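Heads up, the thing below is written out as structure tokens.
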Amino acid sequence: MRFLDFFYKHYQNFKRNSYRKKVKKTAAKCGKDLKVNNLTHVTQNTFLGDNVNFNGMKIQGKGKVAIGNNFHSGIDCMIITDIHNYDEGLAIPYDDSVISKDVVIKNNVWLGNRVMVLPGVKIEEGAIIQAGSVVVNDIKKYAIAGGHPAKVFKYRNIEHYERLKNEANFH
């Protein structure tokens, strides 16, 4: 192995470990087998299950974010829990107050690259969100959704999904 390859591999491992430590230190709860492959920001109101895989996530806002087991995110994903007070505020287009809404992501969910999840959304078990999507409404169990706003266009093969789940075949 050439020196530069050796150096690069160890530098990448160092970065991943640094990102992982930062997430573990900041999150309210962190399950086992956390993997953080790219720069990731979480809040003190972030609760992570087991086998969570971040490839570049930014969680922002004061609301609670609960992410289940076997979660995978693509590159440059974002979860937002706060919105500006534009309807009942004291100024336009909005005032200084913020409205926080929790985000819940259940087990075995996969977000593609550059997915954005907005405040108050619940993504049910086994859902897949297509790259570049903006999730503004709840996504049902086993759904495959995409677009802006994200809409369900297909469902997973539930029988196959349940068989893999019962066999504990998780990535």
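The values are calculated or read from the model by the stated rules, or taken from the named source; none is laboratory data. This is a predicted model, so every value here is computed, not measured. Note: ideal-geometry Cβ built from the backbone for every residue, glycine included; neighbour counts use all protein chains shown.
When you go through 89, 63, 74 one by one, which is the residue that is farther than 23 Å from residue 131 by Cα and surrounded by 19 or more Cβ atoms within 10 Å (Cβ to Cβ)? Don't jump to the end; show me each part of the working.
Values: 89 fails: surrounded by 19 or more Cβ atoms within 10 Å (Cβ to Cβ); 74 fails: farther than 23 Å from residue 131 by Cα.
Exactly one residue qualifies, and that residue is 63.
Can you pull out the residues in the range 99-121 that are within 22 Å of residue 171 (Cα to Cα) and of a type in the set (D, E, K, R)?
Listed by number, the residues that qualify are 106, 114.
Can we say residue 3 is of a type in the set (Phe, Trp, Tyr), out of contact with any Lys or Arg (no Cβ under 8 Å at 6 or more places or on another chain) and at pLDDT 95 or above?
Working: of a type in the set (Phe, Trp, Tyr): yes; out of contact with any Lys or Arg (no Cβ under 8 Å at 6 or more places or on another chain): yes; at pLDDT 95 or above: no.
So residue 3 does not fit the description; no.
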From (1) of a type in the set (Val, Ile, Thr); (2) within 28 Å of residue 127 (Cα to Cα); (3) part of a loop (DSSP other than H, G, I, E, B), pick out the condition that doesn't hold for residue 92. (2)
Which residues, counting only those in the range 95-105, are in contact with a Phe, Trp or Tyr (Cβ under 9 Å, 6 or more places away or on another chain) and part of a loop (DSSP other than H, G, I, E, B)? 95
Please go through (1) surrounded by fewer than 16 Cβ atoms within 10 Å (Cβ to Cβ); (2) in contact (Cβ under 8 Å) with a residue 12 or more places away in the chain for residue 169 and return the number of the only condition it doesn't satisfy. (2)
Can you find even one residue in the range 107-127 that is more than 20 Å from residue 163 (Cβ to Cβ), touching a residue at least 24 places away in the same chain (Cβ under 8 Å), small (Gly, Ala, Ser) and surrounded by fewer than 16 Cβ atoms within 10 Å (Cβ to Cβ)? no
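Yes or no: the range 42-59 includes at least one residue that is of a type in the set (Val, Ile, Thr), touching a Phe, Trp or Tyr at 6+ places or on another chain (Cβ under 6 Å) and closer than 22 Å to residue 130 by Cβ. So that I can check it myself, show each step before the final result.
Initially, the range 42-59 is screened for residues of a type in the set (Val, Ile, Thr), giving 42-43, 46, 52, 59.
Narrowing the set further to residues that are touching a Phe, Trp or Tyr at 6+ places or on another chain (Cβ under 6 Å) leaves 52.
Subsequent filtering for residues that are closer than 22 Å to residue 130 by Cβ retains 52.
Taking every residue of the range 42-59 in turn, at least one turns out to be of a type in the set (Val, Ile, Thr), touching a Phe, Trp or Tyr at 6+ places or on another chain (Cβ under 6 Å) and closer than 22 Å to residue 130 by Cβ.
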Considering the range 139-168, residues that are among the hydrophobic types (A, V, I, L, M, F, W, C) and touching a strand residue (DSSP E or B) at 6+ places or on another chain (Cβ under 8 Å), and then whichever is nearest to residue 106 (Cα to Cα), we arrive at 139
